[in-house]
Amino acid sequence: MKRSVVLGTGSFLPRRELTNADLERMVDTSDEWIASRTGIRTRRIAGKGEENYRLAAGAARRALEMAGLEAGEIDLIVVATMTPHMTMPSCACFVQAEIGAQRAFAYDLNAACSGYLFALDMADKYVLNKPDMNILVIGSETLSARVNWQDRNTCILFGDGAGACVLSGRDHGGGIIDSQLFTDGNLWELLYMHSPKSLNPDLVQPGDDHGYIRMTGRDVFKFAVRAMEESVTALLQRNGIATKDIGLMIPHQANIRIIHKLMERLGVPEEKVYINVNKYGNTSAASIPIALDEANRQGLIRRGDLVLFCAFGGGFTWGSMLMCW
Ligand code: COA
């Protein structure tokens, strides 16, 4: 049976680094506070010529190169993002034009920080239906455009970047095994970002400002740990897989304390968890594919290894996925 297999991975980060020391000069904070509460030391911030679609295209080119495919061989481009360069056309359309993937159809998907798992899950369904499809699944964000740089509660957490993989059907025994996705729209007020201000006065939202990210950090923290733990436990159970059988866990990189709590509760040792939140902060939908590409290029995943992903984001959205490499 043909399953959805990753043929290649890629990532692309903006050049400019913003360190905790830089943030100390912008808001009332300290390297010690940020590092001990979040594990983040530095993050990348997009500059001129590094719009969301350009980061996405950079990651896509690297994934295509590893897959040994030309852009013209891609059938579908899905970009998971909540910070598209424009509301219309989608970021995916810009990527298509930028890399020259003329045969593809393309669209964006928004499930906040869980977006990459939602996009992979959807791409998997296309491949199961039509195994010869080549799909570029990209997660790309420029969150620096949407954080309030005067709000120390949020501006220290986020960064920009993109990651991608090429998915297609193969029957070599590997591929996506199973996934579970969840949302709870009732909890949206704990983590949200307004759209740009409405031009229809009747539709202006109370509190609508510049479309900044807003968050109730403590509640998000607690819910995120519990939701990911329950999702992973249920996914492993229904596939008859023990935690010790996992080759590598790639969690959404939001905060080192969330990741540590998750490892503790699931009983996954540190050497089996890929962590790069220290370098890039929370890059939302880009965090899992950037981490996957780094782990892949460092040779940390071998054919036959079980890779476990889990994510959490605004909505709330969350879920997990199991893949055999
Ligand atoms: N530097 C220094 N002090 C800060 C600060 C900063 N950057 N940000 C907040 N503080 C202060 C607060 O103002 C508060 O001060 P007060 O007690 O005088 O009011 C104090 O630190 C504690 O704030 P609190 O929000 O309770 O801290 P916390 O221990 O919960 O840590 C987070 C804050 C944001 C790091 C933590 O809640 C978190 O990681 N939440 C999850 C966020 C997340 O990952 N979101 C995305 C999910 S996809």
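Among the residues making up segment 176-210, those that are away from the ligand (no atom under 16 Å from the Cβ) and surrounded by 15 or more Cβ atoms within 10 Å (Cβ to Cβ) are I176, I177, D178, S179, Q180, H194. Between L300, L308, L292, the distinction of being in a helix (DSSP H, G or I) and over 25 Å from N153 (Cβ atoms) belongs to L292 only. Here is a check on your reading of the model: is I258 within 16 Å of the ligand (Cβ to nearest atom), farther than 23 Å from M321 by Cβ and either assigned by TED's automatic domain parsing to the domain that holds A291 or modelled with pLDDT of 95 or more (or both)? The answer is no for I258. Scanning segment 193-225 for residues that are modelled with pLDDT of 90 or more and of a type in the set (G, A, S) gives G217, A224. I'm trying to understand the selection: among the residues of segment 234-265, which are of a type in the set (S, T, N, Q), exposed (fewer than 15 other Cβ atoms within 10 Å of the Cβ) and out of contact with any Leu (no Cβ under 7 Å at 6 or more places or on another chain)? Within segment 234-265, just Q237 meets the criteria. Could we say that S144 is closer than 30 Å to E17 by Cβ, crowded, with 21+ Cβ neighbours inside 10 Å and at pLDDT 95 or above here? Yes.
Against the test of being buried (at least 24 other Cβ atoms within 10 Å of the Cβ) and within 13 Å of the ligand (Cβ to nearest atom), the options A227, A291, A285 yield a single qualifying residue, A285. Is segment 154-170 home to any residue that is out of contact with any helix residue (DSSP H, G or I) (no Cβ under 9 Å at 6 or more places or on another chain), more than 12 Å from the ligand (Cβ to nearest atom) and under 30 Å from R16 (Cα atoms)? No, every residue in segment 154-170 fails to be out of contact with any helix residue (DSSP H, G or I) (no Cβ under 9 Å at 6 or more places or on another chain), more than 12 Å from the ligand (Cβ to nearest atom) and under 30 Å from R16 (Cα atoms). Please work out which one of (1) over 16 Å from F158 (Cβ atoms); (2) in contact with a Phe, Trp or Tyr (Cβ under 9 Å, 6 or more places away or on another chain) is the condition G314 fails and give its number. All conditions are met except number (1).
Picking from residues in segment 5-34 that are in contact (Cβ under 8 Å) with a residue 40 or more places away in the chain and either of a type in the set (F, W, Y) or assigned to a helix (DSSP H, G or I) (or both), the one that is surrounded by the fewest Cβ atoms within 10 Å (Cβ to Cβ) is N20.
Looking only at segment 230-255, which residues are within 16 Å of the ligand (Cβ to nearest atom) and either aromatic (F, W, Y) or outside any helix (DSSP H, G or I) (or both)? Of everything in segment 230-255, those that are within 16 Å of the ligand (Cβ to nearest atom) and either aromatic (F, W, Y) or outside any helix (DSSP H, G or I) (or both) turn out to be I250, P251, H252, Q253, A254, N255.
Residues checked against (1) outside the structural domain of R303 (by TED's automatic domain parsing); (2) among the hydrophobic types (A, V, I, L, M, F, W, C); (3) under 29 Å from N276 (Cα atoms):
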{"residue": "A101", "(1), (2), (3)": "yes, yes, no"}
{"residue": "D108", "(1), (2), (3)": "yes, no, yes"}
{"residue": "L128", "(1), (2), (3)": "yes, yes, no"}
{"residue": "I138", "(1), (2), (3)": "yes, yes, yes"}
{"residue": "V147", "(1), (2), (3)": "yes, yes, yes"}
{"residue": "I156", "(1), (2), (3)": "yes, yes, yes"}
{"residue": "S168", "(1), (2), (3)": "yes, no, yes"}
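Of all residue pairs spaced 6 or more apart or on separate chains, those with beta-carbon atoms under 8 Å, a first member in segment 312-323 that is more than 17 Å from E189 (Cβ to Cβ) and a second member that is within 9 Å of the ligand (Cβ to nearest atom) and part of a strand (DSSP E or B) are G319/A311; S320/A311. Condition test on L117, is it assigned to a helix (DSSP H, G or I) and either surrounded by 18 or more Cβ atoms within 10 Å (Cβ to Cβ) or more than 16 Å from the ligand (Cβ to nearest atom) (or both)? Criteria met by L117. Filter segment 190-231 down to the residues that are over 13 Å from W318 (Cβ atoms), free of Cβ contacts under 8 Å to residues at least 24 places away in the same chain and of a type in the set (D, E) and list them by number. Within segment 190-231, D202, D208, D209 meet the criteria. For segment 37-49, the criterion of being at positive phi and more than 16 Å from the ligand (Cβ to nearest atom) is met by at least one residue.
The values are calculated or read from the model by the stated rules, or taken from the named source; none is laboratory data. Keep in mind that what you see is a predicted model, and the values were worked out from it rather than measured. Neighbour counts run over all protein chains shown; Cβ positions are idealised from the backbone, glycine included.
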